[in-house]
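Some notes on the structure that comes next.
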Amino acid sequence: MENTILEMQFALDTFYFLMMGALVMWMAAGFSMLEAGMVRSKNTAEILTKNIGLFAIACTTYMVYGYDLMYGGGILLDGISGAGEKYSNASDFFFQVVFVATAMSIVSGAVAERMKLFSFFAFAVVFTGIIYPMEGAWTWAGEAVFGLYTLGDLGFADFAGSGIVHMAGAAAALAGVIVLGARKGKYNKDGSSNAIPGANMPLATLGTFILWMGWFGFNGGSVLAMASKESANAVAMVFLNTNAAAAGGVIAALLLVKLLWGKADLTMALNGALAGLVAITAGPDTPTALEATLIGGVGGILVVISISVLDKVFKIDDPVGAISVHGVVGLWGLLAVPLTNSGVSFTGQLAGAGTIFVWVFGTSLVLWLVLKAIMGVRISEEEEYEGADIAECGLEAYPEFTK
């Protein structure tokens, strides 16, 4: 009887892992739709090609070596075929690999509209196969950082990846944007900024709702169990807090832009939702619903301020606001954890954030510069004017509307 119960728990936890992983995979559709809506129509097919390509690359490189580097599953997963203690090892790989793809998706939007497609794919190979798995090994896998110190011993915790996934993706994106430079026409000679509106706000809104839905798998799956009363309740609380934080982010962002600009701004509302989700991801298991709403609300405020400051002060051209949403708010998410979890320290969170950022930004910057020297990273000015769809893909996303 006991063996039957254990087998049923194993089956339920494995199924739960697979379903949560499938929800996270659905976030790839969310990023695709969000980015397709936020870029100009002449760059839509290219950004969609980027998103499906990076997902395939992430799944392959993480299978070849990334998972082994992060968790020791063996090169080409040669040590993963057996059953784990609580769930299938294969289900764990599937859940982890969609997180890698999510981190890489963050980079895609920030470098949109001026980057060479295959230079981006080359970066994706190294990022998903080496850069991300290294910092993942130091955090979730508990390995010492180059043998010097262990983040867990310093009081670091990141439940589902505000820093490990989101801030890491933003750090890689920031390095790429610095190497690429701004889109043509974004900034004037006097330093003032020009708005470059996206082509399809309904698509961007759909993408945001898909991401909101997928985030339940992102955070809920990180409980790592479902087949007991305690773990099932924990999953339910994580779902509740994830939803509350997203709502708080939308409300705070809308109120702030109304106060600052006198009217609502849809793009800021969408980024407010994502900011709330990023903010709660580091610790959705310990806050009350009200605390989660407030954590998300602070994220919504931060993203509005950050997008404006990065654009107007630092001249960082990020078409979708990814660096602000995932980087600035990712840091806030890490720092918010000790507010509701006494087992986590602010110094540990700062040490973890610093380690992740320095490693990912530093290695990404070097990689971007190497790619620039070898194959170039930016399309020509003429190709940028014509649109990356024609230059990189040889087709248009909306041919009947642009002729």
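Brief remarks follow.
- Within segment 1-143: Cβ-based charge dipole about Cα centre, in debye rounded to nearest 20 (Lys, Arg +1; Asp, Glu -1): 860 debye
- Environment charge of Ala112, counting only residues whose C-beta is closer than 15 Å and scoring Lys/Arg +1, Asp/Glu -1: -1
- Contact order, relative form, for segment 79-192: 33 percent (alpha carbon pairs under 8 Å, 6 or more residues apart, mean separation divided by residue count).
- The chain - mean residue ellipticity at 222 nm from DSSP helices (-39,500 (n - 2.57) per run, n ≥ 4, rounded to 500): -21500 deg cm²/dmol
- Once the Kirkwood radius over Cα pairs is known for segment 19-139, the Stokes-Einstein relation at 10 °C and 1.306 mPa s delivers a diffusion coefficient of 107 µm²/s.
- Apportionment of accessible area to carbon and sulfur, the chain, percent (1.4 Å): 68 percent
- Checking every one of the chymotrypsin sites (Phe, Trp or Tyr not before Pro) in segment 129-211 against DSSP loop status and a limit of 11 other Cβ atoms within 10 Å picks out Phe146.
- Charge dipole (segment 240-357, unit charges on Cβ, about Cα centre) - positive-most of Gly352, Val278, Ile316: Ile316
- Summed side-chain charge close to Tyr385 - residues other than Tyr385 whose Cβ falls under 10 Å, Lys, Arg +1, Asp, Glu -1: -3
- Per DSSP, loop trypsin sites (Lys or Arg not before Pro) in segment 143-208 with at most 10 further Cβ within 10 Å: Lys189
- Other residues lying with their Cβ under 15 Å from the Cβ of Trp138 contribute a combined charge of -4, Lys and Arg counting +1, Asp and Glu -1.
- For the chain, the longest principal axis of the Cα atoms and the long axis of helix 201-220 meet at an angle of about 20 degrees.
- Kirkwood-based shape ratio for segment 184-235, expressed as Rg/Rh from alpha carbons: 1.39
- Listed residue pairs exceeding 29 Å between alpha carbons, taken from Lys116/Lys263; Lys186/Lys263; Lys50/Lys189; Lys312/Lys372: Lys116/Lys263; Lys50/Lys189
- Relative contact order for the chain, counting Cα pairs under 8 Å that sit 6 or more residues apart, in percent: 26 percent
- Helix 117-126 and the long axis of the chain differ in direction by around 30°, with both axes built from C-alpha atoms.
- Debye, to nearest 20: dipole size of the chain, +1 on Lys, Arg Cβ, -1 on Asp, Glu Cβ: 1080 debye
- Sorted largest first, extent of segment 124-171 alpha carbons per principal axis (Å): 31, 22, 16
- Note that the chain presents 41 Å² accessible area per residue, ligands and nucleic acids not counted, probe 1.4 Å.
- Each Lys and Arg contributes +1 and each Asp and Glu -1, all at the Cβ; summed about the Cα centre of segment 132-282, the dipole is approximately 720 debye.
- Sparsely packed trypsin sites (Lys or Arg not before Pro) within segment 307-401, loop by DSSP, other Cβ within 10 Å at most 14: Lys315
- C-alpha long axis of helix 89-110 to longest principal axis of the chain, angle in °: 20 degrees
The values are calculated or read from the model by the stated rules, or taken from the named source; none is laboratory data. Note that this is a predicted model, so its numbers are computed, not measured. Neighbour counts are summed over all protein chains in view; Cβ atoms, including those assigned to glycine, are modelled from backbone coordinates with ideal geometry. Keep in mind that these areas ignore ligands, DNA and RNA; they rest on the heavy atoms of the full protein, side chains included. Shrake-Rupley method; radii C 1.70, N 1.55, O 1.52, S 1.80 Å.
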